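Working notes, structure below.
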Amino acid sequence: MSKLLTLIFGRLPIGWLQLSHNKGRLFAAVSGVAFATLLVFMQLGIMGALNTSTIAPYALLDADIVVSSEAGNTLTDAENIAKVWLFQALSAPGVAGAMPIYIGNLPFTLTDGTSVSLLTFGVDATRPGFVAPQIARSLGRLTLENTALLDVGTRGVPPDVVDDLTSGIPFMFEANGQTMASVGTMDVGGGFLADGMLITSDQTFLRFFQSRSSGAPSHILLKVAHGVSVDTIVARLQDALPAASVKVQSMQNAAQADLSFMSTQRPTGIIFGFGVFMGILVGLVIVYQVLSTDVADHLGEYATFKAMGYGHSFFLGVVFEEAIILAIFGFIPGLIVSIGLYAGLVSVTGLPLQMEAGTAILVFLGTLAACTVSGAIATRRLGNADPADLF
Amino acid sequence: MRTGSDLIAVRGLNHFFGTGDARKQAIFDIDLSIKRGSLTILMGPSGSGKTTLLTLISALREVQAGNVRLLDAELNGADEALLVHLRQRLGFIFQAHNLHESLTATQNVLMGLELHGRANALKQLNAAHHMLDILGLADRRDYLPEKLSGGQKQRVAVARALVSNSEVVLADEPTAALDKVSGQTVVELLKELGRARGTTTVMVTHDPRILELADRIIRLEDGRIVADEIVSDRGKDTE
């Protein structure tokens, strides 16, 4: 290690030699950085899962524009909108088609007594063009009364039921006092709002959600004519529809708005964001404490080097060398433990936690930056190394 | 090797510690010239100002009043860059060896060489080993300071100061922790460097065993030079 670092730095690796000389302190420092890294990874992972599950429903749909109630928050947390706007939107030039969509949360109890909540989408079963291709293939089956496509990734569904579903055996379950038959599957998985998803025809939906009316869907999905700009139609509809009660967004912008809402206006998003901040702060404090103590412990030696003619840049180099070593040594175990914890959380909660390469690189760069900032603050103590005190 | 020219020239040097009512003068109107290649010993009781004088002429302490010329550079008013540059041409031996605890004997000595760059690492390593060998530490090259005795540590510190062929060696009680033979070896080495390379040594010591090796002995009391004894031609003041 010393030889490698000597080659890299072009000098004796004083920082590494200092750190490795005191094994106990090195272990504590690396553990501290690893813990801070783990904290950040966990917060980012859960935040990522929140984001993924927030926009996951969009992957079930195939539309260009979504018209929603202005009072709604997100796709799945919507207020009903008058169906009359569907006809108004259809009359706009460039709009090729429209479909109302109904969204609600359907609770049901599994045979083992487990209570499951399904985010249920009621769609027009004769309009496969408005849903994702993998759903469109089975959509026709939903024209039968009380049938649904069930999410095999639903939390709590027993493996034997999943096996039956995937091999095409219908699965019957009761909800709201009625029997539903699953006649097909999709694989989305649970999120923060529900344990899984369910797609039914709008007629079945209205049967199960008796307080809902066909004249008040959750959203209106639109498709624009071939070759027509989505943004142009959005602008046209925004002018035509009353902005006070209706919002018109492209599907892409609606997904981004949902992410923004969840991360900045919902307590969960704010809490996870705060957790990331706390992780960074913990890392900064730990590394600063370690480096600051290290500088204080070696002031006599640094003063000697100053007397010998080593300039300030040399000492900065030593402290930054230590900061970089701590960042690298702390990041690696932090990453490994995080991957393990992600896997554990996925198996327990079914949340879509995934270690993305981009996130790992970002956290590494963040760890490096935090350690460097701590090192920079710790170098203030170098001023106390006065070579005149040596004699 | 050129000898005889002044390497250190001190004129009207005064130095104070503290401020206000606590301000106390430690050095009074000192004039002094030290020749290249000489071995000068500063003696005097505790508080006589010898260590303060040593730190002033070695560019470690700011010159407040008077002039100190070191290696043809004026220290009064010198900026930090010049001071750093000058210190690179000096060798320091401290009473407390001040070795780096995390570095082996060889690495500590290498620090005296890396200061001047690391163009030829192998050559520097050989030079460090050679200096440790001369000081009887051939079998302690890879020892950390905590595994060395007090005398061995001091010899490593001496090796660190001498390995880069410094033009001036400034030493504070360098033989205090050494036995008679080791102390003699160190001082004879300094003397030999003076003869062979023109290295100038200024040493604070109370050790009577090495007085006979000095070219010049300066005694200080209460911040003033009270005796200046030239022992050999090498120590003769040019003034």
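Where a number appears in this text, it was derived from the coordinates with a stated rule and is not lab data. Since this is a predicted model, take the numbers as computed values, not measurements. Virtual Cβ from ideal backbone geometry, glycine too; neighbours counted across all protein chains shown.
Based on DSSP loop calls and a cut-off of at most 14 other Cβ atoms within 10 Å, the longest stretch of chain A free of exposed GluC sites (Glu not before Pro) is what? Write down the numbers at each step before the final one.
Values: sites that count: A:Glu70, A:Glu79, A:Glu145, A:Glu356.
In chain A, the maximal stretch lacking such sites is A:146-355.
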Under 15 Å from the Cβ of A:Phe329, count the other residues' Cβ atoms, weight Lys and Arg +1, Asp and Glu -1, and hand me the total. -1
Pairs over 27 Å Cα to Cα, from A:Lys306/B:Lys180; A:Lys306/B:Lys147; B:Lys153/B:Lys180; B:Lys50/B:Lys123; A:Lys23/B:Lys153, come to A:Lys306/B:Lys180; B:Lys50/B:Lys123
Candidate aspartates and glutamates - alpha carbon under 13 Å from B:Lys35, same-chain residues fewer than 8 apart omitted: B:Asp6, B:Asp72, B:Glu167, B:Asp215, B:Asp233, B:Asp237, B:Glu239
What 222 nm value per residue comes from the helices of the protein assembly as shown, counting each DSSP H run with n ≥ 4 as -39,500 (n - 2.57) and dividing by all residues, nearest 500 deg cm²/dmol? -14000 deg cm²/dmol
What residue among A:Met355, A:Met308, A:Met186 has the largest mean-square fluctuation in a Gaussian network model of chain A, using Cα springs under 10 Å? A:Met308
Per the Cauchy relation, a quarter of the hull surface: what is the mean projected area of the convex hull of the alpha carbons in the protein assembly as shown, in nm²? 41.6 nm²
Mind telling me which of B:Leu70, B:Leu60, B:Leu132 comes out most flexible in a GNM of chain B, alpha-carbon contacts under 10 Å? B:Leu60
So which aspartates and glutamates pass the test for A:Lys247, namely a Cα distance under 12 Å, with those fewer than 8 places away in the same chain ruled out? A:Glu70, A:Glu79, A:Asp239
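Looking at chain B, identify the longest residue range that excludes and avoids all trypsin sites (Lys or Arg not before Pro) in DSSP loops having at most 13 other Cβ atoms within 10 Å.
Longest gap between qualifying sites, sites excluded: B:24-239.
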Mean Kyte-Doolittle of at least 0.0 plus a Cα span of 24 Å or more along the axis: flag which DSSP H helices in chain A meet both, please. A:23-55, A:267-297, A:312-349, A:357-378
If I take all pairs of Cα atoms in the stretch A:71-244, what percentage of them are more than 21 Å from each other? 51 percent
Counting pairs of alpha carbon atoms under 8 Å apart in space and at least six apart in sequence, what relative contact order in percent does the stretch A:71-244 give? 32 percent
Expressed as a whole number of Å, what is the distance separating the alpha-carbon centroids of the stretch A:201-227 and the stretch A:1-35? 62 Å
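Please compute the alpha carbon radius of gyration of chain B, then divide it by the globular-protein estimate 2.2 N^0.38 Å. Two decimals is fine.
Numbers: Rg = 17.6 Å, N = 239, 2.2 N^0.38 = 17.6 Å.
So chain B has a normalised radius of gyration of 1.00.
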Compute the angle between helix B:121-134 and the longest alpha-carbon principal axis of chain B, please, reported from 0 to 90 degrees and rounded to the nearest 10. 80 degrees
With angles folded into 0 to 90 degrees, how steeply does helix B:180-197 sit against the dominant principal axis of chain B? Use alpha carbons for both and round to 10. 80 degrees
With label points set 7 Å from each Cα along the Cα-to-Cβ direction at A:Asn253 and B:Ala65, the distance between them in nm comes to 7.9 nm
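Which GluC sites (Glu not before Pro) in the stretch B:24-98 sit in a loop by DSSP (not H, G, I, E or B) and have at most 16 other Cβ atoms within 10 Å of their own Cβ? If you can, show how the numbers build up before the last one.
Numbers: sites: B:Glu62, B:Glu74, B:Glu80; in loops: B:Glu62.
Passing both the DSSP loop test and the Cβ count: B:Glu62.
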